[in-house]
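Working notes, beginning with the structure itself.
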Amino acid sequence: DGGITQSPKYLFRKEGQNVTLSCEQNLNHDAMYWYRQDPGQGLRLIYYSQIVNDFQKGDIAEGYSVSREKKESFPLTVTSAQKNPTAFYLCASRGLGLTGELFFGEGSRLTVL
Amino acid sequence: QQQVKQSPQSLIVQKGGISIINCAYENTAFDYFPWYQQFPGKGPALLIAIRPDVSEKKEGRFTISFNKSAKQFSLHIMDSQPGDSATYFCAASPYNFNKFYFGSGTKLNVKP
């Protein structure tokens with residue numbers, strides 16, 4: 001089945017550690033996005049990528065990094081510089097030139113202990 | 001500064017009633033206004049979307065009303081069902097879809 005796979009679903013990390021969240025899609029979509037979801041704040045854009053080897057900062061990029069070496073993959077690293085990393089992270093993709101529909105993964109919940 | 005403002009934060013409706021969620025925006029460059037539905041522990045999924053060239057779009061029990069001059073749009077869920085209980089997000093993007101701005105979400109609870 002086509003879709004977006006995020007892993008791990010749950011992740012615990014100690015303060016000061018970097019952690020990488022995986023996002024893989026087999027929809028052949030060009031654009032991919034990372035959002036952070038906090039209660040009462042909706043979805044906030046961290047990074048997005050329209051094509052391979054290119055990505056742009058979103059509204060809350062500080063403390064995060066990404067790479068886009070392959071069309072189907074867009075991993076997000078939460079670094080120790082992110083002051084409040086505990087959140088639900090959502091990856092999404094969109095086919096360029098088609099509708100504006102975003103397809104989301106099931107999310108990764110990161111808890112910093 | 002939040003680009004899209006959504007209200008209410010939570011909503012309780014009786015089965016069979018009408019659920020109404022409102023959103024407002026300021027950026028006139030926005031050209032696409034989707035609504036997403038999210039169930040607990042899942043990612044959001046597109047419910048319905050509208051462009052500003054029409055004032056209303058209906059899909060089954062779900063209707064978007066759009067007021068371009070007021071820069072407001074709303075989601076109406078007719079004959080609300082317990083299975084509609086979820087969190088709903090409005091969003092907006094420019095014509096090229098390169099960035100999407102989401103509202104803060106409305107948690108809908110439909111009582112049986």
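The values are calculated or read from the model by the stated rules, or taken from the named source; none is laboratory data. The model shown is predicted, which means the values in this text are computed figures rather than measured ones. Cβ coordinates were reconstructed from backbone atoms using ideal geometry, including for glycine residues, and neighbour counts include every protein chain displayed. Surface accessibility is based on the protein's heavy atoms, side chains included, excluding ligands, DNA and RNA. Shrake-Rupley method; radii C 1.70, N 1.55, O 1.52, S 1.80 Å.
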*When you go through (1) under 16 Å from residue B:86 (Cα atoms); (2) under 14 Å from the mean Cα position of the chain (by Cα) one by one for residue B:43, which number turns out not to apply?*
(2)
_Test: residue in segment B:54-76 that is charged (D, E, K, R), assigned to a loop (DSSP other than H, G, I, E, B), farther than 16 Å from residue B:32 by Cβ and free of Cβ contacts under 8 Å to residues at least 40 places away in the same chain_ = yes
_Residue in segment B:86-101 that is farthest from the other protein chains (Cβ to nearest Cβ), counting only those that are in a loop (DSSP other than H, G, I, E, B) and either open to solvent by less than 10 Å² (accessible area, probe 1.4 Å) or touching a residue at least 24 places away in the same chain (Cβ under 8 Å) (or both)_ = B:95
_Quick check on my filter: what residues within segment A:32-53 are more than 12 Å from the chain's Cα centre (by Cα) and open to solvent by less than 60 Å² (accessible area, probe 1.4 Å)?_
A:38, A:40, A:42, A:50, A:52
*When segment B:10-29 is examined, which residues are found to be open to solvent by 10 Å² or more (accessible area, probe 1.4 Å) and either part of a strand (DSSP E or B) or of a type in the set (A, V, I, L, M) (or both)?*
B:10, B:11, B:12, B:13, B:14, B:18, B:20, B:22, B:24, B:25, B:29
*If you scan segment A:1-19, which residues turn out to be surrounded by fewer than 18 Cβ atoms within 10 Å (Cβ to Cβ) and either closer than 21 Å to residue B:35 by Cα or under 10 Å from the mean Cα position of the chain (by Cα) (or both)?*
A:3
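For residue B:107, are the conditions met, namely being open to solvent by 30 Å² or more (accessible area, probe 1.4 Å), assigned to a strand (DSSP E or B) and at the interface with chain A (Cβ under 10 Å from one of its Cβ atoms)?
So residue B:107 passes the test.
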*asked:* For segment B:79-99: of the residues being of a type in the set (D, E, K, R) and in contact with a Gly (Cβ under 8 Å, 6 or more places away or on another chain), which is nearest to residue B:29 (Cα to Cα)?
replied: B:99
